[in-house]
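This report concerns only the one structure given below.
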């Protein structure tokens, strides 16, 4: 399942910088790592839906093939669990209200994506569109993490 390999590899984007910055891995790191792995499984499985015919032809056992008719439910589960892991990580790192707002927006967008994927007879062009929406969701989450109360105080020293 290439999506699982990609998800685990992308998870190192959390572990390596965290350890370099803090000098150790912490429980919060595990929550954030899990969120990245689960989110990546979700959005890359969405992408795999558009490749399903080709993957079947060449024998690649993608997550979209592995989960079969349950793929939309698997995607919803990955995104929902990622959402919960992000909340725990955000609370443990004391991110503020702006993060919680961005987290809620991400959750609503993932819920909408999951609902769309459960609809019958979806056009093939929908999968790449939903996949690309995760870039915007990532930006929303990143801004929510960046613009928390501690960072606003820090940035206030540089703003007029």
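Since every read-out is calculated from the coordinates, none of them should be taken as a lab result. Computed from a predicted model, the values in this text were never measured in an experiment. Note that each Cβ is placed from the backbone with ideal geometry, even for glycine, and that neighbours are counted across all protein chains shown.
One entry in (1) 51, 18, 11; (2) 28, 19, 16; (3) 32, 18, 12 is semi-axes √(5λ) of the Cα gyration tensor in Å calculated from the shown coordinates; its label is (3). Treating r as the C-beta distance of residue 27 and residue 60 and R0 as 35 Å, the FRET efficiency rounds to 0.45. Once the Cα atoms are used to define both axes, helix 97-117 deviates from the longest principal axis of the chain by about 0 degrees. Each peptide among 2-13, 21-32 gets the average number of other Cβ atoms lying within 10 Å of its residues, and from highest to lowest they stand as 2-13, 21-32. Over the chain, dividing the summed -39,500 (n - 2.57) contributions of all DSSP H runs of at least 4 residues by the number of residues returns a 222 nm mean residue ellipticity of -27500 deg cm²/dmol. Each label point was placed 7 Å from the Cα along the Cα-to-Cβ direction; for residue 126 and residue 112 their separation is 1.4 nm.
Starting with the fewest neighbours, write out 44, 121, 51 ranked by other beta-carbon atoms found within 10 Å of each beta-carbon.
Details: 44 24, 121 4, 51 16.
Fewest-to-most ranking of 44, 121, 51: 121, 51, 44.
I'd like the orientation of helix 71-92 relative to the chain: the angle between its Cα long axis and the longest Cα principal axis, in ° from 0 to 90, rounded to 10. For helix 71-92, the angle is close to 10 degrees. Each Cα pair under 8 Å and six or more residues apart adds its sequence gap; the mean of these over the residue count of the chain is a relative contact order of 25 percent. Between 0 and 90 degrees, the angle of helix 2-22 with respect to the longest Cα principal axis of the chain falls at about 10 degrees. Applying 0.36 nm per residue to the separation of residue 6 and residue 146 and subtracting their alpha-carbon distance, the gain on full extension is 47.9 nm.
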